[in-house]
Amino acid sequence: MNTIPASSDAKPPQGAGKTPPLVVTIDGPSGVGKSTVARLIASRLGYTYLDSGALYRAVAWKALATGADPAEPGAMQRLCGETALNVSSGAGAEMGVAVDGRALAAELRTPAVSRAASQVAALPDVRAWLLPVQQNFGRLPGVRGVVAEGRDMGTRVFPGAPVKFFLEAEPQERARRRHEELAASGRAADPAETRREMEARDGRDRTREAAPLTAAPDAVLIDSSRLTVEEVVERMMRVIERTAAAQR
């Protein structure tokens, strides 16, 4: 299990000059199945799983917990400077996040944190603070590879990744999946409201100045609207295996 601290003066861990054999990025909006697919691929390959959204959610959680405005740049810049964020992950394992020594899990998945995370993610200072934390996942000693999932993994965090995917799905299907996810976790929500919130977040993510949600020019585009999770994984694995073979 490797642990990466986030701080304003964080330095790359030992072995930072080495590039892992393969970095796989999976970007796309919410409701397309990024997290599920990324976990399965990381587990199958024995790679380190990077859930970038959890990092922004951690900042958003602290903002809400302390009464700071997640949309106010100055407040968020100060909050980052006063926050001890530790991220841990092992091969194929769930990523762990701790804020000021407190491990967070379900707290990061509430609707309020989701809304605040979208606001936090639009702030350049927050994105700059979290950038080296994410990039250091690809530099940890002993890491065979990384499966990085988010919204700017292939465009900003790992622009040189040899394998990039961008997942999409029809808005109605994405809203249905998100509604089922909320219901399964005991957080029932009105389907129409779920879709409105998703569309609002999409708008913020796609139009923000800092690292907007968009597909990298060399990303493989996959529409998961009518595909099962297994079918998406198999399509991705074929691309990954071809790339890995070419690198040998």
May I ask you to verify whether VAL147 is within 19 Å of THR36 (Cβ to Cβ), in contact with a helix residue (DSSP H, G or I) (Cβ under 9 Å, 6 or more places away or on another chain), touching a residue at least 60 places away in the same chain (Cβ under 8 Å) and of a type in the set (Val, Ile, Thr)? yes
Does segment 171-189 include one or more residues that are out of contact with any Asp or Glu (no Cβ under 7 Å at 6 or more places or on another chain), within 19 Å of LEU123 (Cα to Cα) and exposed (fewer than 14 other Cβ atoms within 10 Å of the Cβ)? no
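Condition check ((1) more than 22 Å from ALA161 (Cβ to Cβ); (2) surrounded by 16 or more Cβ atoms within 10 Å (Cβ to Cβ)) across all residues:
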position: LEU55; (1), (2): no, yes
position: ASP100; (1), (2): yes, no
position: PRO111; (1), (2): yes, no
position: ALA128; (1), (2): no, no
position: GLN134; (1), (2): no, yes
For segment 160-170, which positions are under 21 Å from THR243 (Cα atoms) and either touching a helix residue (DSSP H, G or I) at 6+ places or on another chain (Cβ under 9 Å) or buried (at least 20 other Cβ atoms within 10 Å of the Cβ) (or both)? ALA161, PRO162, VAL163, LYS164, PHE165, PHE166, LEU167
Flag if GLY31 is in contact with a Lys or Arg (Cβ under 8 Å, 6 or more places away or on another chain), at pLDDT below 90 and closer than 30 Å to GLU197 by Cα: yes
Subset of segment 144-180 [under 18 Å from the mean Cα position of the chain (by Cα) and of a type in the set (A, V, I, L, M)]: VAL146, VAL147, ALA148, MET153, VAL157, ALA161, VAL163, LEU167, ALA169
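Determine which member of the set ASP223, ASP205 is modelled with pLDDT of 90 or more and either out of contact with any strand residue (DSSP E or B) (no Cβ under 6 Å at 6 or more places or on another chain) or surrounded by fewer than 20 Cβ atoms within 10 Å (Cβ to Cβ) (or both).
ASP223
The values are calculated or read from the model by the stated rules, or taken from the named source; none is laboratory data. Note that this is a predicted model, so its numbers are computed, not measured. Note: ideal-geometry Cβ built from the backbone for every residue, glycine included; neighbour counts use all protein chains shown.
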